[in-house]
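To start, the structure under review is shown below, and the notes come after it.
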Amino acid sequence: MKKEFNQLLAILEVEIKNLLRERGTVGFAIFFPILISLSTYGVGAGILGKAPNIDLWFYQLIGFTILMIAIFMSSSSAWYVRQGLLSRRLEYLFAASINPLIIVAASSITSGLMGIGIFLVVGLIGVLVVYGISNLLNFFLATIILAVSLIPILGINLIVAATTIIGKDPEAISQPLSAIVSTTSGLAYPITILPFILQIIGEVMPYYYAAEYVRAMINGYLNLVNLESFPFLFIYLIGGYFIYRYFEYNFIRKEGNYGA
Amino acid sequence: MVLNLSKKVFSKITTEIERGIKLYFRNGIWLLSDIISTPFWVIFLFLTIVFYAQYLLKDVNALTSLMWGIFIFILMNSFIWAGNSIVQSVTNGIVDGVILTNTNITIHLLGRSIMSVFDSFISGIIALLTASYIFGSSLLIHNLPLFFASLIIALIFYSLFASVYAALIVSLRSPWIVSNVLNFILPFLSGAIPPQLFPKSVANILLFSPFYYISGQIVSAATGIYLINPTIMLIISIIITVVMVFISNFISKKLIQSMSKEGKASLI
Amino acid sequence: MEEIEARNLTKTFKRKVRVNILKRIERRIYAVKKVSFKVNKGEIFGLLGPNGAGKTTTIKMICTLLVPDEGEAIVHGFSILDKPEKVRENIGVVLAPDKGFYERLSGIENLVYYGRLYGMNKKEAYKRAIELTQIVGLDKDAYRYVEEYSLGMKAKLSIAKSLIHDPPIVILDEPTVGLDPISARRIRNLILELAKSGKTILLTSHNMWEVENLCNRVILINKGEIVSQGTPRQLKEKLNLNYIVEVEVLNSEKVENYETFINDKGNAVIKIETSKPNDTLINLLDELKYKKYEIGEIKVIEPTLEEVFAKVIGDEKGI
Ligand SMILES: Nc1ncnc2c1ncn2[C@@H]1O[C@H](COP(=O)(O)OP(=O)(O)OP(=O)(O)O)[C@@H](O)[C@H]1O
Ligand SMILES: [Mg+2]
């Protein structure tokens, strides 16, 4: 266990260093939710002929930030696997006695950490603009809630990583996931205005809860009753783990399908 | 001489287009991915845009305009990524190979653009069907000949635009960021958000955007809602496209020049 | 008649390097400095040099992908500066052997694609592509997607690509890199045949031995400058480079008339420096046999490129 932990730390360090060099990516991830939410606010103002309620802006800001994090996490695990296979880096890592899960976990944790960083910056701006300093403590608690909510999402990333092994084209795989998540998770609008079947999809996926919990926490509404469905989401982590193992064993190790 | 030259260019164009079609259909997973994603994106865009004014969900005219707005969004999106693909072509060494055959880079990018044509066609139709099924937008096209004319103009314009765009971003460190942002700004400049929903003075800002005459024309032809006289709009769109031919030719020459001077692809 | 003539080719790369957030400095890399040479028709001409010597940069200038800062080159009678299109028509180029292909097209399809861009019609291009894939030894693999190719298969495909429009001049940057010995020999034979059929060949290599066996003439480049030129033989003579022949003699600690040392097995090893290793070895073995020595391990150590450079750079005056 200690060995695994050390390996995880080693990969994490490299991954984070790598990520920090990608300043453009980080800047974009911060800038984009602000840009989109302001634009839709502007459009709303244009259509209504008056400034809409600023709470609505905050609602979308948080939603778009979480969307950004979700897209970032799923596409980065897809890319990680794909590039790893192409550059044969994964092959080396598999050859070293490392549990591949550690590798994927490390890349997901990296993007998760980056996601939390993005949330801290964007969310702080939003909270200060809308609520002033009074809700700051709530905001920091919300960040912790977000961090916990990202754990089941790791499970989904494992599945993305697994399918990338066969599908090969990472964007083609993370794209539909992003589309489904964006639409059904109550990020840019409440899921109640969705057709029923899409609401169900939203409610079984972890992203919806992340957004709802975070908003509720910032507003000070969150209580334990709200959290009742939370433990079930960890099924994703466990399910993701087994699916990943299955794919890794059957498609990489057995068939020598290291990409190329 | 001129005839001979154009024959040569024509054969290069068909070569590139054939290559693009082949590659497009070999990328089955992308096709599948698009088919799955598109309906979701359509719903997402609709609801995000009407978030502040949910009463619009009952306004068929607005929903129909919005549907065509999303249609042009899909089209432009596809061509932006076509332009973005130059980055790969350069790192793959394909651009070098193509230059050595004395082929214009704009012609080379046509091969990628043709993929975008298919792509926007397939996704576009899925988008229209989704919007009419879920939101009840009307699929009737107001002026069919003008609609097809404007569609063809747009496809030509954006193929050229993709090559200009490609030349501008190829040396950037993270070109995909610019592509994402542009992807988002361009619909605003094109009238993808139905301009009639805004006060006239705000809507008229669109008349300063060349993209409006190209993309907005598609929406107008389909819905019958115009900001200016349709004939004038058509003429302007043709002029803009012709100008684009020259710009893209100029830029792609410049790109090759700078590649050969600095040993890397860059204009900016 | 000269097919390629380079005159004072010079290229400096300028790159902005960020020192800190505010400051960027310009760094200059003098990649090629006043390189001149001439290649005759039907000749195989080699550019030899260590990593970063400027071989690829020189080649890129000659094939019009890079404009020289100074100097000029005439290729097949056309100036690379004034008539680049004409130059491109007359050259076939391999730059990075694993690049320049669409992964999701087969080898043949890639070749046909380039052939048609060179102005052939589809039928011609197909015929030529099939012919070439046989010549380079791709055979059935030609119909697989390039995605599945090994490095060596890609290298073969690039050589086929460079020949698709049957150019009089072929320019190859490390054509045998990544090839197994048999494939490499096949490519070398192909290059020799091309030259025999009247094509002019300019190639680069790290491999002294390869250059020796292929090239009629060679220039040696280091840090962007020509340090020596001539036929491979002249080059070696100028450099006074010798092979080392080592022959182990079993059950003996000394051999008459020869300088020896004792190896770790306790046997004597004869060590001779020579410019003609084959002759030396045959004579030596004959003599040893005649004297009834028992012969153990035999080694011929080739002069490596590093030695060449050590020699060239070590000698301040140049050669
Ligand atoms: N596009 C470029 N930008 C900046 N520097 C470059 C560029 N291309 C080459 N150089 C530099 O020019 C010098 C010569 O490089 P070149 O590729 O010509 O060497 P080479 O002899 O081909 O080496 P190798 O044997 O490794 O292929 C090197 O110092 C290299 O770093
Ligand atoms: Mg080189």
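Worth a mention:
- A simple count of charges around C:Glu124, restricted to other residues whose Cβ falls under 12 Å of its Cβ and scoring Lys, Arg +1 and Asp, Glu -1, yields +3.
- Local net charge near B:Ser78, Cβ-Cβ under 13 Å (Lys/Arg +1, Asp/Glu -1): -1
- Under 17 Å from the Cα of C:Lys41 - lysines, other chains or at least 8 residues apart: C:Lys196, C:Lys199
- Within chain B, the longest run free of exposed loop sites, counting trypsin sites (Lys or Arg not before Pro) that sit outside DSSP helix and strand states (H, G, I, E, B) and have at most 14 other Cβ atoms within 10 Å, spans B:1-172.
- Among residues other than C:Lys55 with Cβ under 9 Å from its Cβ, the summed charge is -2 (Lys and Arg +1, Asp and Glu -1).
- For C:Asn222, the residues whose amide H sits under 5 Å from its own are C:Val227, ignoring neighbours fewer than 5 places away on the same chain, with H placed 1.01 Å from N.
- FRET efficiency estimate (nearest 0.05) - Cβ-Cβ, A:Lys50 to A:Ile166, R0 51 angstrom: 0.45
- Axial C-alpha extent at least 27 Å, average Kyte-Doolittle at least -1.0 - helices from chain A (DSSP): A:2-21, A:23-48, A:54-87, A:100-131, A:136-167
- Electrostatic dipole magnitude of the stretch C:19-80 [Cβ: Lys, Arg +1; Asp, Glu -1; Cα centre; debye, to 20]: 260
- Cα-based helix-to-principal-axis angle, C:122-136 vs chain C, degrees rounded to 10: 10
- Put simply, the C-alpha atoms of chain C give a gyration tensor, and the ellipsoid matching it has half-axes of 41, 27, 19 Å, longest first.
- Over the stretch B:8-262, the Kirkwood radius and the radius of gyration, each from Cα atoms, give a ratio Rg/Rh of 0.98.
- Sorted peptide list for A:18-25, C:8-15, criterion being average Cβ within 10 angstrom, highest first: C:8-15, A:18-25
- In terms of distances greater than 21 angstrom between alpha carbons, the cross-link table entries C:Lys14/C:Lys60; B:Lys8/C:Lys99; C:Lys14/C:Lys55; C:Lys140/C:Lys161; B:Lys261/C:Lys55; B:Lys253/C:Lys161 yield B:Lys8/C:Lys99; B:Lys253/C:Lys161.
- Rolling a 1.4 Å probe over the protein heavy atoms leaves C:His206 with an accessible area of roughly 70 Å².
- For the stretch B:137-145, the Karplus equation 6.51 cos²θ - 1.76 cosθ + 1.60, evaluated at θ = phi - 60°, returns couplings of 5, 8, 8, 5, 9, 5, 10, 4, x Hz by residue, with Gly and Pro reported as x.
The values are calculated or read from the model by the stated rules, or taken from the named source; none is laboratory data. Since we're looking at a predicted model, the values are computed, not measured. Reconstructed Cβ throughout: ideal geometry from the backbone, glycine too, with neighbour counts over all protein chains shown. The accessibility values were calculated without ligands, DNA or RNA, using every heavy atom of the protein model including side chains. Shrake-Rupley method; radii C 1.70, N 1.55, O 1.52, S 1.80 Å.
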